[in-house]
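Take a look at the structure below.
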């Protein structure tokens, strides 16, 4: 399986109708395939369930919805390419429109990143949000925070990097994350889960991982127009994840 990290939004249970499944019972070895893709999730309409601040929260997986959105995102990232027949793309467009027509509140509660954690995800959290947990026989890392705090942090990051004069394409990536988060009610919880990406690091590396703090320090330095320190802090995060990310280009 391809290692992946996840950014998940958990909602109060009364806001979702998905069948909740205990976090520890999540299926990890279900594979489906068609003529163009292989993915490691079933199409069962279930959800993660966690306890957060004395309340039960759920994160609908919406596997089919996310797969269709992934096909279209892949196609948009490779315009004019021959990797996907236009008929397959159109089928995905039609099915996604039909799905959203039947379920007007349907939306992706989960973002997935293969091989690494995108640095912009770290900007939503504080170092105190970190939690090391046992994932079977291995150790992994997750961060959890109130969605309202995450949005404030991401909005600040957008303002800082925009005012610092970064390229529009970089600003847009963080703005896209901000827009996605703002689709959900403020009383939700946001979770960053290293999940199987943690397998690419030793337990010691995970225990001393300070990616969140370094991204925050980089943003703080940018706000003070200290580009040297901002670059050093960001480079430290990028370097930590460079080897893992580079594996996505291996055959």
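The values are calculated or read from the model by the stated rules, or taken from the named source; none is laboratory data. Keep in mind that this is a model prediction, so the values were computed, not measured. Quick reminder, even Gly has a Cβ in these numbers, built from the backbone with ideal geometry, and neighbours come from all protein chains shown.
Only one of 187, 167 is surrounded by fewer than 18 Cβ atoms within 10 Å (Cβ to Cβ), over 22 Å from residue 2 (Cβ atoms) and out of contact with any strand residue (DSSP E or B) (no Cβ under 9 Å at 6 or more places or on another chain); which?
Values: 187 fails: out of contact with any strand residue (DSSP E or B) (no Cβ under 9 Å at 6 or more places or on another chain).
One residue alone meets the criteria, 167.
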Just to be sure before I move on: is residue 229 at pLDDT 90 or above, in contact with a helix residue (DSSP H, G or I) (Cβ under 6 Å, 6 or more places away or on another chain), within 30 Å of residue 56 (Cβ to Cβ) and assigned to a helix (DSSP H, G or I) in the structure I sent?
no
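What residue, of 72, 111, 84, 65, is at pLDDT below 95, assigned to a loop (DSSP other than H, G, I, E, B) and either at negative phi or surrounded by 18 or more Cβ atoms within 10 Å (Cβ to Cβ) (or both)?
On the way: 72 fails: assigned to a loop (DSSP other than H, G, I, E, B); 111 fails: assigned to a loop (DSSP other than H, G, I, E, B); 65 fails: assigned to a loop (DSSP other than H, G, I, E, B).
Exactly one residue qualifies, and that residue is 84.
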Residue, farthest from residue 49 (Cα to Cα), within segment 114-157, restricted to residues that are buried (at least 21 other Cβ atoms within 10 Å of the Cβ) and out of contact with any strand residue (DSSP E or B) (no Cβ under 9 Å at 6 or more places or on another chain)
157
Residues that are part of a helix (DSSP H, G or I) and either more than 14 Å from the chain's Cα centre (by Cα) or without any contact (Cβ under 8 Å) to a residue 12 or more places away in the chain (or both), drawn from segment 134-150:
148, 149
Among 131, 159, the single one that is assigned to a strand (DSSP E or B), without any contact (Cβ under 8 Å) to a residue 24 or more places away in the chain and over 14 Å from the mean Cα position of the chain (by Cα) is 131
Does residue 166 qualify as being outside any helix (DSSP H, G or I) and touching a helix residue (DSSP H, G or I) at 6+ places or on another chain (Cβ under 7 Å)?
no
